[in-house]
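No value in this document is a laboratory result; all are computed from the given coordinates. Worth saying up front: this structure is predicted, and the values here are computed from it rather than measured. Positions of Cβ are backbone-derived with ideal geometry, glycine not excepted, and every protein chain shown enters the neighbour counts.
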Amino acid sequence: MTRLTVNVPNDNDISFLKEVLDRFGLNYEIDADDNGYIFSEAEIKDFVKTRQDFIDGKTTARDWTDIEEDLNRAFNQTT
């Protein structure tokens, strides 16, 4: 037996892949990565606003220290 591991970045493709595997009569397991960081509605709105402000020239690029703090907070890491 050979095991094949595939990372599927788009969850919408899962149903299609399952159908193909079923048609070939292959056994498979789906292991969803539930440990990823989930952004809240407020965070997503803030990201969209920040992006638009940057595009409109209302803000400049952020300092790396600020970005690093956000990433550490998002992934529960400390510096």
### Query
For segment 1-31, how many residues are assigned to a loop (DSSP other than H, G, I, E, B) and of a type in the set (A, V, I, L, M)?
6
### Residues within segment 45-76 that are in a helix (DSSP H, G or I) and either in contact (Cβ under 8 Å) with a residue 24 or more places away in the chain or surrounded by 11 or more Cβ atoms within 10 Å (Cβ to Cβ) (or both), tallied
17
### Message
So, ALA42, is that one exposed (fewer than 10 other Cβ atoms within 10 Å of the Cβ) and outside any loop (DSSP other than H, G, I, E, B) or not?
### Response
yes
### Task
Look through segment 1-39, keep the residues that are surrounded by 10 or more Cβ atoms within 10 Å (Cβ to Cβ) and under 30 Å from ASP70 (Cβ atoms), and return whichever of them is nearest to the chain's Cα centre (by Cα).
TYR37
